[in-house]
């Protein structure tokens, strides 16, 4: 006789085509949260998600916020345990649009060079595809058993890609409603296409924008060139000064709250044997520019960074324009680790900039949204159960890894709701998240959905 | 009895309103040469200019080129001498458009803070207003005497603001038609609103565009940050490296062909007493960032420069996007002096960049359009005559000055046509050329027109 889990897994397999149709419908909604022009699309995505939750028998509500809505759905069957699943329905901007092979919001099937079938669209991996692995698992369990092994609260937000500014204010008054035994987040990746993973550390982040102002207008570079300060030059010198020749960040105090991982963790990392060729080769690079004294895996997981995400100043159109720009701007993000505090890092950067801007020029540093880094103890009981469930699905023992990315909500779950979080996702390094031609492997979607069936059963 | 000159001057005065109407019509044509979207407007401006020349009795022709047309008109009365007047009908781009108080191609009258009346529009000073001072002078002389004291060839091009790429190929086959005794160029400025000037030196220029390529796509700054090369960082380091702490350019060989001006020239410059406060104060700056060891006037006239005119890379839209950009670009121009060769300077820059790009990244430097610097001997007889004519009009002895700007045509007149050039213009430092709210003083337009009447008479 088939177990309830086997029946649900069979329903996942037989319903895969319909599940993909639902995913494609979700992917067609251009819910770019950072761009005010897409506000309506974000509402559409929230409404679509709420309708899916309702169809699964959850009480679903769309909560308005100062930004985009938060969707919350829940079951109340009196099960022994409750999980809180968190995901986001918003996506990154799509520029440069001309590098997309097909329009970003017209999902299609594709194939990788080594023959893996994929779903191509903005949000395919980050995070719509991953969110639907969970919802489709619920659907299969509900369809076969008429019930779920645990009670479920699903919370989907619409501002993850711009730092979740409205979420803290939402969590506090809804803390009661969101109470659970454990939080589940499906916004992370696998070690490789065959090896499932549980992410036990995340870097924090602080975003900010620096603008240097020089003359009160653009100047003719012939008439003023050689005398007038050029904000692009000043900004370039500041950016150049941030790193020393060994790849370390030179901002005073930057490393004060960084801790060294335990020796056994470093030893396990060393065993994973991550190489520059293996990690950077696929994106066309050959060597790491990070801190020379560190292993590559440390550079991307346990060490903090400074990165310019975008920069502009002066004339950027076709042809040439012989001006000295009146200002220049850099969009900057820091990735934080251990006990680094976003506000303190931003303040240190402001002081670093202030020391480098000539007295007759001015600068602004935007307020800066941020979150701290996060670490789960690798021996937590739910982690051990989820790990066994993943091994049953994939036939390979999962690895516990760190992620260099940032998921601010995880720290807030701990701080505001007292909740631990399991980070389990099925993304791959070649998913092109935040880039043109984003994809999600069909296997990630299919086996990801099956994995959640097993995990929810294991957590019951 | 009034002389012919007096009659023409009176005609300039009484016809000023009609002259301004013609100028406004010229300014309404959005002839931005660097932007392919304005190609038709450039043709319109050429046709308008040709119709004006024809109305003055010149044989006028619009010559097509690989780029925008060259307009040539001429009289052939058998006068003892012929002048070749050069100007351009194209204008700079208008961005940032939001900083214009009124639309750039809707000319209007304005007033400076100290009460000078102005004409405000893109091209008001550079170069449509200046070009019309000459044409309106011809009109007044023709209207009052029925003839001009010299034969005149007028050549107006449409690509000055993007480096005049089509002009050399035009000049060679038309050398016969363009033969003259002296060239006149009205694209320069006055020392101050009361002091007319003849420009006896110009800096050369070379434009180029540098792009750094890193990964083969934009990367997630969390997943790759700390390891992957960031082209914005690389480009910033290159730009930062170009100047040393004393404001000197560090590119090897950059100063090889720079010569020192004679001691008496430097002494005359010192007497002009140009200060950072006086020169940079009006644009909101207080101190020069140029070579510490040089007088300010040298920095902007006789010393070469490196300037980033525009830079961009990564995400530049609203909000934030956490990527490591796959590339970054800087639009660069060098101002050249003395014997510096544009091609050699570009080559030196390419070597400088090559030494600073990591081996797994690549770069491109665009071909680079350029022109050499230019110098007129201050004792040339035509210069002495023009100087006396200017003094008669303004009541102040003109100063001979250098300009930090570049007018490539001047070198080509010498090289291809064997012609010397007098650079006489009526622009002012506060004209905002190449910037929002460009203006031309009404006095510059009116007394500039009167000045040409006197100069043409003097050159006869």
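The values are calculated or read from the model by the stated rules, or taken from the named source; none is laboratory data. All values reported here derive from a predicted model rather than from experimental measurement. All Cβ positions, glycine included, derive from the backbone under ideal geometry; neighbour counts span all protein chains shown.
Let's see how each residue does on (1) within 11 Å of chain A (Cβ to nearest Cβ); (2) more than 11 Å from residue B:189 (Cβ to Cβ); (3) surrounded by fewer than 21 Cβ atoms within 10 Å (Cβ to Cβ):
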residue: B:408; (1), (2), (3): no, yes, no
residue: B:417; (1), (2), (3): no, yes, yes
residue: B:430; (1), (2), (3): yes, no, yes
residue: B:445; (1), (2), (3): no, yes, no
residue: B:449; (1), (2), (3): no, yes, no
residue: B:456; (1), (2), (3): no, yes, no
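Can you tell me which residues in the stretch B:290-303 are buried (at least 23 other Cβ atoms within 10 Å of the Cβ), more than 7 Å from chain A (Cβ to nearest Cβ) and outside any helix (DSSP H, G or I)? Residue satisfying the conditions is B:302 alone.
Sort through A:53, A:16, A:27, A:9 and tell me the only one that's surrounded by 20 or more Cβ atoms within 10 Å (Cβ to Cβ) and more than 22 Å from residue A:460 (Cβ to Cβ).
A:27
Restricting attention to the stretch B:180-204, the residues that are over 21 Å from residue B:430 (Cα atoms) and in contact with a helix residue (DSSP H, G or I) (Cβ under 7 Å, 6 or more places away or on another chain) total 3.
Any residue at all in the stretch A:351-366 that's at positive phi, within 14 Å of chain B (Cβ to nearest Cβ), touching a residue at least 60 places away in the same chain (Cβ under 8 Å) and surrounded by 16 or more Cβ atoms within 10 Å (Cβ to Cβ)? Step through it out loud before you land on a result.
Of all residues in the stretch A:351-366, those at positive phi come to none.
No: the stretch A:351-366 contains no residue that is at positive phi, within 14 Å of chain B (Cβ to nearest Cβ), touching a residue at least 60 places away in the same chain (Cβ under 8 Å) and surrounded by 16 or more Cβ atoms within 10 Å (Cβ to Cβ).
Being closer than 30 Å to residue A:219 by Cα and more than 14 Å from chain A (Cβ to nearest Cβ) is the filter here, so list the residues in the stretch B:67-82 that pass it.
Those that are closer than 30 Å to residue A:219 by Cα and more than 14 Å from chain A (Cβ to nearest Cβ): B:69, B:70, B:71.
Counting the residues of the stretch A:216-228 that are surrounded by fewer than 24 Cβ atoms within 10 Å (Cβ to Cβ) and at pLDDT 95 or above gives 1.
Residues B:266, B:287, B:248: which one is more than 10 Å from chain A (Cβ to nearest Cβ), in contact with a helix residue (DSSP H, G or I) (Cβ under 9 Å, 6 or more places away or on another chain) and free of Cβ contacts under 8 Å to residues at least 60 places away in the same chain?
Details: B:287 fails: more than 10 Å from chain A (Cβ to nearest Cβ); B:248 fails: in contact with a helix residue (DSSP H, G or I) (Cβ under 9 Å, 6 or more places away or on another chain).
Matching residue, one of B:266, B:287, B:248: B:266.
Suppose we filter B:173, B:193, B:168 for residues that are more than 30 Å from residue B:73 (Cα to Cα) and more than 8 Å from chain A (Cβ to nearest Cβ); which single one remains? Just a single option satisfies the conditions, and that option is B:193.
Among the strands (runs of 3 or more DSSP E) confined wholly to the stretch A:1-120, which include 2 or more residues that are closer than 30 Å to residue A:163 by Cβ and touching a residue at least 60 places away in the same chain (Cβ under 8 Å)?
Details: elements: A:59-63, A:70-74, A:82-88, A:108-111, A:117-120.
Once the strands (runs of 3 or more DSSP E) in the stretch A:1-120 are filtered for at least 2 residues that are closer than 30 Å to residue A:163 by Cβ and touching a residue at least 60 places away in the same chain (Cβ under 8 Å), what remains is A:70-74, A:82-88, A:117-120.
Checking each residue in the stretch B:236-245 for being more than 7 Å from chain A (Cβ to nearest Cβ) and either within 15 Å of residue B:327 (Cβ to Cβ) or over 32 Å from the mean Cα position of the chain (by Cα) (or both) picks out only B:238. Of all the numbered requirements in (1) assigned to a loop (DSSP other than H, G, I, E, B); (2) at pLDDT 95 or above; (3) within 11 Å of another protein chain (Cβ to nearest Cβ), residue B:233 misses one, and that requirement is (1). Taking the stretch B:153-198 as the region of interest, how many residues are closer than 23 Å to residue B:66 by Cα and part of a strand (DSSP E or B)? Counting residues in the stretch B:153-198 that are closer than 23 Å to residue B:66 by Cα and part of a strand (DSSP E or B) gives 5. Only one entry in A:213, A:233 is touching a helix residue (DSSP H, G or I) at 6+ places or on another chain (Cβ under 7 Å), free of Cβ contacts under 8 Å to residues at least 60 places away in the same chain and within 24 Å of residue B:318 (Cα to Cα), namely A:233. The set of residues from the stretch A:199-228 being facing another protein chain (nearest Cβ under 8 Å), part of a strand (DSSP E or B) and more than 16 Å from residue B:434 (Cβ to Cβ) comprises A:205, A:207, A:209. Per the listing A:124, A:137, the residue uniquely under 15 Å from residue A:12 (Cβ atoms) and in contact (Cβ under 8 Å) with a residue 40 or more places away in the chain is A:137. Entry remark, the stretch A:256-286: residues being assigned to a loop (DSSP other than H, G, I, E, B) and buried (at least 16 other Cβ atoms within 10 Å of the Cβ) number 5 in total. Taking the condition of being at the interface with another protein chain (Cβ under 9 Å from one of its Cβ atoms) and in a strand (DSSP E or B), how many residues in the stretch A:311-331 meet it? The qualifying residues number 10. Before we move on, is residue B:405 modelled with pLDDT of 95 or more and within 26 Å of residue B:70 (Cα to Cα)? In short, no. Considering (1) touching a strand residue (DSSP E or B) at 6+ places or on another chain (Cβ under 6 Å); (2) within 18 Å of residue A:250 (Cα to Cα); (3) at pLDDT below 95, the lone condition that residue A:304 does not fulfil carries the number (3).
Taken over the stretch B:419-428, the criterion of being within 14 Å of chain A (Cβ to nearest Cβ) and more than 16 Å from residue B:192 (Cβ to Cβ) is satisfied by B:423 alone. Can you say whether residue B:389 is surrounded by fewer than 18 Cβ atoms within 10 Å (Cβ to Cβ) and more than 13 Å from chain A (Cβ to nearest Cβ), as far as the supplied structure shows? No; evaluated as a whole, the condition is false for this residue. When you scan the stretch B:130-144, do you find a residue that is touching a strand residue (DSSP E or B) at 6+ places or on another chain (Cβ under 6 Å) and in a loop (DSSP other than H, G, I, E, B), even just one? No: zero hits.
What do you reckon, is residue B:85 away from chain A (no Cβ under 14 Å) and either on the phi > 0 side of the Ramachandran plot or surrounded by fewer than 21 Cβ atoms within 10 Å (Cβ to Cβ) (or both)? Judged against the criteria, residue B:85 is not a match. Listed conditions (1) in the same structural domain as residue A:256 (by TED's automatic domain parsing); (2) under 21 Å from residue A:415 (Cα atoms); (3) in contact with a strand residue (DSSP E or B) (Cβ under 6 Å, 6 or more places away or on another chain) are all met by residue A:378, apart from (1).
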